[in-house]
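The block underneath contains the structure these notes are about, expressed in structure tokens.
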Amino acid sequence: MRQITRDAEDWRRLAQHALAISDRFFRSLPARPVAAQYDPHASIGPLPERGDGAARALETFEKAILPFLSGSVGSRYLAYVTGGVTPAALLGDWLVGTVDQDVGSPGDSIATRMTVETIRWLLELFDLPSHDYDGVLTTGATAANLLALLAAREWASGQQGFSVAESGLALLPRFEILSASAHITFVKMLAVAGHGWQAITPVAMQPDSQAMDLRDLEQKLKGGGAAPKMVVASAGTVTTTDFDDLTAIAGLCRRHNAWLHVDAAFGIYARCTPQLRSLADGLELADSITGDAHKWLNVPYESGFFFTRHSACLETACAASAVYLESGGAEPEFLSRGIESSQRFRALPIWMTLAAYGRDGVASIVERCCRMAGLLAQWIVRSERFDLLCPVRLNVVCFRLLPRNGEDNDTVNDAFLARLNQTGLTRMTPGSVKGVRGVRAAFCNWRTEEGDIETITLALQNAA
Ligand SMILES: *Cc1c(COP(=O)(O)O)cnc(C)c1O
């Protein structure tokens, strides 16, 4: 206890120490290896009986941990779909811990209200009708996809006169879930929610994209008769960034009694800029929408959101009622709209970045990332050693190193990717389009600029 009190008294100096580490880290980003090099069996030693205080812990962190972290907030980290962190979002995130509010139960502070308001800002940012949608902030798109499934099946059971939340899944007759390119996290959530990975009825894709073949979807919807169904559409698939024709799919869903869920984890940001907006037309017709703030909004992990037109279904699916939780207030009970009962003040970093940079700031990140993807794509098209695996529509570039006579494409590209990441100049992950393996680079960070593309192409040449 004495150590805690001493640290609390010494707060300003400790915070300055942490600030200095943070500052050194940001300054080191251009020079440090982008992909972390570390010992996967490293130990942090035994649990101390008595601690040494926060200053020593900070020193140990900077010396023994920080050097082995990846440069994922830097401008040349292009693995997965990894957002950077804006200065305002980072400050917001730090203040979340400072004030440590619980937003789950309303009536405790204005933090719950702020969450409602921040959700409204997000809806406005994406040009979605804010009077039609309610939402909740989540740990990410995976959690949002689970909420979509829970809400949709609650809607389905409601049509049959009962509630899955109350009576369980056994009573629910076959609840058909149709999708062409559901994200792997939706498939994972099918298992978590008790449906199983195989619960998806696959819909055919269009010949040159991962988007749904509408005729096949219509046929399969008709086959299910009047029973309630769920269609899981994509606004931005992870590898080829394909968008489903949401307007047409919404029409089919209405006609055939299906809940339309759109996984728009990063594709939703297409709606922030006029050049890209039409890609995600029709999103405003969805029954539920998944999005991530820790990707293109450049808010620190873990930050996602879920929007739905049927918040009553969500609130039944996630209901938690107990006398000690009762509030009776005018604010929503976020503990009944999500998985976690205690919820950190997730709205604050989102609100901070939107307050600091506005709609324009978000649009400029999105536009710049797409421009950078375009520059890399142009270079690849011009080069003799590489080719694109699919056209670049948004912020992702999938390409491969061309195998030389007799070489196996996949082996060549896996080895190439390993060498590329060892250069320390960039980090990319594998991508596969129509069974052809290659490398995938996703631009999602406000920091990335023209000079980075030069460094990245140099790394590509060297690794080739
Ligand atoms: C990233 C992503 C997810 C999973 O998101 P997490 O934030 O990692 O949970 C789901 N769907 C799509 C389309 C994604 O891009």
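The values are calculated or read from the model by the stated rules, or taken from the named source; none is laboratory data. Keep in mind that this is a model prediction, so the values were computed, not measured. Virtual Cβ from ideal backbone geometry, glycine too; neighbours counted across all protein chains shown. The accessibility values were calculated without ligands, DNA or RNA, using every heavy atom of the protein model including side chains. Shrake-Rupley method; radii C 1.70, N 1.55, O 1.52, S 1.80 Å.
From the list 358, 374, exactly one residue is closer than 29 Å to residue 114 by Cβ and open to solvent by less than 50 Å² (accessible area, probe 1.4 Å). Which is it?
Details: 374 fails: closer than 29 Å to residue 114 by Cβ.
Within the list 358, 374, the selection yields 358.
Being more than 12 Å from the ligand (Cβ to nearest atom) and not in a loop (DSSP other than H, G, I, E, B) is the filter here; which residues of the range 180-200 pass it? Before the answer, list the steps.
Here is the first cut: in the range 180-200, the ones more than 12 Å from the ligand (Cβ to nearest atom) are 180, 190-200.
190, 191, 192, 197, 198, 199, 200 - these are the residues of the range 180-200 that are more than 12 Å from the ligand (Cβ to nearest atom) and not in a loop (DSSP other than H, G, I, E, B).
I need a count of the residues in the range 237-255 that are more than 23 Å from residue 135 (Cβ to Cβ) and either touching a Pro at 6+ places or on another chain (Cβ under 6 Å) or open to solvent by 30 Å² or more (accessible area, probe 1.4 Å) (or both).
Residues meeting the conditions: 3.
Note down all Cβ pairs under 8 Å where the first residue falls in the range 31-59 and is over 16 Å from residue 13 (Cα atoms), the second is charged (D, E, K, R), and they're at least six residues apart or on different chains.
Filtered contacts from the range 31-59: 34/76; 34/427; 35/427.
Filter the range 423-454 down to residues that are open to solvent by 40 Å² or more (accessible area, probe 1.4 Å), closer than 18 Å to residue 31 by Cβ and assigned to a helix (DSSP H, G or I), then give me how many there are. Quick ask: steps written out before the conclusion?
Within the range 423-454, the subset open to solvent by 40 Å² or more (accessible area, probe 1.4 Å) is 423, 425, 427, 430, 432, 434-437, 446-447, 449-450, 454.
Checking the rest, the ones that are also closer than 18 Å to residue 31 by Cβ come to 423, 425, 427, 447, 449, 454.
Next cut, assigned to a helix (DSSP H, G or I) only: 454.
So the answer is 1.
Taking the range 126-174 on its own, how many of its residues are away from the ligand (no atom under 16 Å from the Cβ), in contact with a helix residue (DSSP H, G or I) (Cβ under 6 Å, 6 or more places away or on another chain), open to solvent by less than 30 Å² (accessible area, probe 1.4 Å) and touching a residue at least 24 places away in the same chain (Cβ under 8 Å)?
Count: 6.
Which residue is farthest from the chain's Cα centre (by Cα), if the candidates are limited to the range 127-153 and must be of a type in the set (A, V, I, L, M, F, W, C) and assigned to a strand (DSSP E or B)? Talk me through it step by step, then tell me what you get.
At the first step, the residues of the range 127-153 found to be of a type in the set (A, V, I, L, M, F, W, C) are 128, 136-137, 141, 143-144, 146-152.
Narrowing the set further to residues that are assigned to a strand (DSSP E or B) leaves 136-137.
Working: 136: 14, 137: 12 Å.
The selected residue is 136.
Pick from 89, 79, 111: which is within 16 Å of the ligand (Cβ to nearest atom) and part of a helix (DSSP H, G or I)?
89
Report the residue count in the range 401-422 for those that are among the β-branched types (Val, Ile, Thr) and either under 19 Å from residue 240 (Cα atoms) or open to solvent by 50 Å² or more (accessible area, probe 1.4 Å) (or both). Steps first, please.
Keep residues of the range 401-422 that are among the β-branched types (Val, Ile, Thr), which gives 411-412.
If we keep only those that are either under 19 Å from residue 240 (Cα atoms) or open to solvent by 50 Å² or more (accessible area, probe 1.4 Å) (or both) too, we end up with 411.
Residues meeting the conditions: 1.
With the condition kept exactly as written, say whether any residue in the range 208-217 is open to solvent by less than 10 Å² (accessible area, probe 1.4 Å), part of a strand (DSSP E or B) and more than 26 Å from residue 122 (Cα to Cα). Write out each step before concluding.
Filtering the range 208-217 down to residues open to solvent by less than 10 Å² (accessible area, probe 1.4 Å) leaves 211-212, 217.
Now restrict to residues that are part of a strand (DSSP E or B): 212.
In the following step, the residues that additionally are more than 26 Å from residue 122 (Cα to Cα) were identified as 212.
So far as the range 208-217 goes, yes, one or more of its residues are open to solvent by less than 10 Å² (accessible area, probe 1.4 Å), part of a strand (DSSP E or B) and more than 26 Å from residue 122 (Cα to Cα).
Counting only residues that are open to solvent by less than 100 Å² (accessible area, probe 1.4 Å), among the hydrophobic types (A, V, I, L, M, F, W, C) and at pLDDT below 95, how many does the range 36-63 have?
2
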